[in-house]
Each structure stands twice: as structure tokens, then as C-alpha cells.
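The values are calculated or read from the model by the stated rules, or taken from the named source; none is laboratory data. None of these values were measured; they are calculated from a predicted model. Here the Cβ positions follow ideal geometry from the backbone for every residue, glycine too, while neighbour counts run over all protein chains shown. Just the protein is used for accessible areas: all its heavy atoms, side chains included, with ligands, DNA and RNA removed. Shrake-Rupley method; radii C 1.70, N 1.55, O 1.52, S 1.80 Å.
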Amino acid sequence: MSDRLPGFNTRAIHAGQEPDPATGAVIVPVHLTTTYKQDGVGGLRGGYEYSRSANPTRTALQEALAALEQGTSGMAFASGLAAEDTLLRTVCEPGSHVVLGGDAYGGTYRLISKVLSRWGVEHTPADLNDADALRDAMRPTTRVIWCETPTNPLLNIADIALTADVAHDGGALLVVDNTFASPYLQQPLTLGADVVVHSTTKYLGGHSDVVGGALVTADAELGERLAFNQNAMGAVAGPFDAWLVLRGIKTLGVRMDRHQENAARIADFLLGRSDVASVLYPGLPHHPGHDIAARQMSGFGGMLSFRLLGGEEQALRVCERAKVFTLAESLGGVESLIEHPGRMTHASAAGSPLEVPADLVRLSIGIENVEDLLADLEQALG
Ligand SMILES: *Cc1c(COP(=O)(O)O)cnc(C)c1O
């Protein structure tokens, strides 16, 4: 291949995934081994000695992740939260401060507010859309601005380049949780972010059959510190999990195309309903983040939320009546899911500044035939 960066789908299918030199196997094998024979003491073949430190299946995934995000170091973890914990405990220390978006993923908020707080890390929720509020939230001890865009579950959009400037002016790092967009639609490192976080459980895995997480950075020094702690803290992805994510990644582009094609149709349908108070989807021209999303993303994704005039009662009823949409937490798989964030994914944020509206329903739009999804929503809304 030439020096030109291969296209996204080519990278997804080939980066880190050369046919196995020993057998010619086209697909990277699941290397179910903990340890590696040494040719004499310290004589490692290919750098492998113990599978917490490195495993060839995980290496393949890590190289693919780095290529997709246009970073230089990729690291695969046992879950998104394991990745977040490793990252935060690498770049923070007792006394450090983190600014996070006002509607960050509930689990991220819980990690920071309930676990890292006991370790002396402080935090301030801020509206990432308000640059002045964001600057006000910064302290001399701020090490990280934690940004999700689009956010979960409110689909707010933050301007990554602008947020990176605020972070860097304050001597902090910008971390972007890119789970919702996936690297197919948005590559935050190219917009100034220092680290990208993924729950690979979601779109990267794509089939609701594996829990995993990832970090990617283009900063070599930071990449080394993170890799050191990935091994020292040990929350690594197992070989089979790494293999499943790698398989999912190969079809990320075609899946995302269909996810967002279906999402756009469903957004239009919900807009036309008199019982729907608002539709939260960045692809809609009236969405407050539409212009920024159009600039920094190559598409608007497959996640959509809506609020019901009938309040919590109607929101719960719609969730329970849906049939093609499965009532379940998580997102990003080929099957459509429906959930009530207030009672389910974001229940841990109840009573906090990150509490979500009770009349909100979140959809993870799958890749089924859109007519079936529309008919299901129609009957569930009643
Ligand atoms: C699911 C999710 C996480 C956490 O990832 P796990 O793999 O469940 O640990 C973090 N951020 C976002 C946006 C998520 O959707």
C-alpha cells in the first residue's frame, strides 16, 4: 500500500490484521495462551512473555483501534469503565480535579463521584456548550476535561476543537468518550483531543455479545504511561473478547450507514407525532448542536431520544409495549433497543446534577428493516 492513509473501511478490515505468518490464516487467531516459550532466558519471540502484558489477539485489536482513531497507541480493556479507571488514575493524582459534561454517562459520573472521590479526585459538572461556564469550572488542579459528544442520553453536541482549546489553555487534557459516534463518524484526536475512550461493548463490538473498552492517543509519551498502567493495573481485554471486537470492527462502516439511515427515518416519524414533546437527534436541523455535529461528524449516528407529553407514565408504557425494539440497557448492536434512562441506564444519576428527565425514552436504532421499526413504534405509542 502507498503512503496515503488507507480508507476507513480498509483500515477496519486490515489494520493490525495481517494473515497469520505461521499458517496463513486470514483471520487473526484467538490466542488462548497465558504464557510464551522463550528461546533461552529472556529470548522472547515477537515480544510476548505473559498475556496480561501482551497477547497477539489483543495486539491486533489495539493496532486496529489506533488506526481507526488516527492515533499511535491503542489499548484494549475489559470494559469501557476499566479503560476510564486506568486513564483517570494515570493522569490524575490525589488533589486533581476533573471537569465533566453535565450529562456524562452515568457510569462515568459514578466512577468519578463515588470511587475516585475517595482517592482525592474532585470534579465539577459543567455545560460543555457554554465556553464561559467551562472556563469558570477550570481550576489550577484541573487535569482533565471529560467530554462526550453526542451525549448519552440527551444527544447534546460539544464542539471538540473549542473544548480542546479550553482544556489546553488550562493545562488540562481533553478526553473524548467517542462511544456514541464511533470512529466511523468522528475522530476526536484529529480535532485536538488528547485521548479517546470507547466502550467497545457498543458500536465497535456491534453485536451485543462482548463487554470491552479502549483508549487511543496520538501522544507517544502519554501512550507509554497508559500502556504501563494497563499492565500494572491489569484490566486488560481477554483474547476471545478482543477477537469479538476485532470481528465487529470489520463491519462498523456498513453497520453505521444503516443505523443512521434508519435513525433519520425514525426521527422524522417521531417529529410528526402529536404525543411526542421533542425529538433529540443531532441530524435534525433544529437540534441546537446540528451545525457543530455537521462540521465535526461525517454522519449523525444511530442513537435517538425523545420526550413524551404524557410524562414518565407514557414513557414507561412505550418502553414496555415495544416488541421489535427490545427493552434493554446498552446500545450500538445490530438489534434495536428501547429503554427508560431515568429508571435504567441513568438511575445512578438520580438526585445528582446529572439526573435525566423522567419523560425521556432512548432508542438505539438497529439495522432491521425500517418499516418494521416504524410500525413497532406506532403500535407502542398507541
Ligand atoms: C456503555 C458506556 C460506557 C461504559 O462502558 P462499559 O463497557 O459498559 O464499561 C462509557 N461511556 C458510554 C458513552 C457508554 O455508552
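Using mean Cβ contacts within 10 Å as the protection proxy, how do 14-24, 337-347 order, highest first?
By packing density, highest mean first, the sequence is 337-347, 14-24.
Using only the alpha-carbon atoms, how far is helix 56-68 inclined from the longest principal axis of the chain? Give it as 0 to 90 degrees, nearest 10.
Once rounded, one gets 50 degrees.
Over the chain, what per residue volume does the convex hull of the Cα atoms give, in whole Å³?
Taking only Cα atoms, the chain has a hull volume of 143 Å³ per residue.
If you take the charge dipole of the chain about its Cα centre, with +1 on Lys and Arg Cβ and -1 on Asp and Glu Cβ, which of Leu61, Leu280, Gln296 is farthest toward its positive end?
The residue sitting most towards the positive pole is Leu61.
For a test of the definition: using alpha carbon positions, the gyration tensor, and the 1.5 limit on a/c, classify segment 1-118 as rounded, prolate or oblate. Let's see the in-between values first.
Numbers: a/c = 2.70, a/b = 1.56, b/c = 1.73.
The shape class here is oblate.
Based on DSSP, what percent of beta bridges with both residues in the chain are antiparallel, to the nearest 5?
Of those bridges, close to 55 percent are antiparallel.
For a quick protection proxy, order the peptides 4-11, 167-174 by their average other-Cβ count within 10 Å, most packed first.
167-174, 4-11
Would you work out the charge dipole size for segment 252-381 about its Cα centre, treating the Cβ of every Lys and Arg as +1 and the Cβ of every Asp and Glu as -1, and quote it to the nearest 20 debye? Walk me through the numbers before you get to the answer.
Values: 11 positive and 18 negative charges, 43 e Å.
So the dipole magnitude of segment 252-381 works out to roughly 200 debye.
Please determine, in degrees from 0 to 90 and to the nearest 10, the orientation of helix 239-250 with respect to the longest principal axis defined by the Cα atoms of the chain, where the helix direction is its Cα long axis.
On a 0 to 90 degree scale, this one is about 60.
Any idea of the accessible area per residue across the chain, 1.4 Å probe, to the nearest Å²?
That works out to 41 Å² for each residue.
Per-residue counts of other Cβ atoms within 10 Å, averaged by peptide: what ranking do you get for 57-70, 107-120, 29-42, highest first?
The packing order, highest mean first, is 57-70, 107-120, 29-42.
Could you tell me the center-to-center distance, by alpha carbons, between segment 311-367 and segment 142-192 in angstrom?
24
If you place +1 on the Cβ of every Lys and Arg and -1 on the Cβ of every Asp and Glu, how big does the dipole about the Cα centre of segment 1-90 come out, in debye to the nearest 20?
100
Over the chain, how many pairs of lysines fall under 30 Å by alpha carbon, counting only those 8 or more apart in sequence or from different chains?
Eligible lysine pairs with Cα atoms under 30 Å apart amount to 4.
With only Lys, Arg, Asp and Glu charged, each at its Cβ (+1 for the first two, -1 for the last two), find how big the charge dipole of the chain is about the Cα centre; round to the nearest 20 debye.
Around 740 debye, computed over the chain.
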